[in-house]
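Visitor: Please find one structure pasted underneath; my questions will follow.
Read the figures in this text as sums done on the coordinates, not as results from a lab. Model, not experiment: these values are computed from the prediction. Here the Cβ positions follow ideal geometry from the backbone for every residue, glycine too, while neighbour counts run over all protein chains shown.
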């Protein structure tokens, strides 16, 4: 095996491995995955963390809290209060199967077309030719490769919160967080991006 083909193969494996990991704690610049914030007032921010389908809900919410604490310290404040907090789940059904990996793995499937007993594509000639659908007339479901072998759900989470920052000692209220303590306690749970 030549060095060029071995290097190419290792690069392909590295890219495949990078795609198959949870979203690390990173800025969302250039991608839609990671943390982002919007300044509303001098001491008020809207903070968000979006994960991919391999990042669980707990991790997304932990990274959001960590970013809020980090942002608080970067702006010269000591504590923050969470005014509003929400976590959205985005679930979609995708086709999977060994034969369809490069073509079907990332396609969104609509149950109207991909239901358990539906044909794998919509028959555009149904109104012109009554009777069985195109798929059942010709004995296959997909005009290209026969249809995906299996379906699975993919869920990705986006956590967001509006925070107000303050200076001095943290008030005795569960809605307030000491930024330094949050950073100290959560640092061990953060997955940093590979450099």
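Visitor: If I take R0 = 30 Å and measure r between the Cβ atoms of residue 29 and residue 54 in this structure, what FRET efficiency does the formula 1/(1 + (r/R0)^6) give, to the nearest 0.05?
Guide: E between residue 29 and residue 54, to the nearest 0.05, is 0.90.
Visitor: Taking a point 7 angstrom from the Cα of residue 178 along the C-beta vector, which residues in the range 56-93 have backbone N less than 13 Å away?
Guide: Label zone hits: 78-80.
Visitor: How many nm separate the modelled label positions at residue 185 and residue 42, each set 7 Å beyond the Cα in the direction of the Cβ?
Guide: Label-label distance for residue 185 and residue 42, simple model: 3.0 nm.
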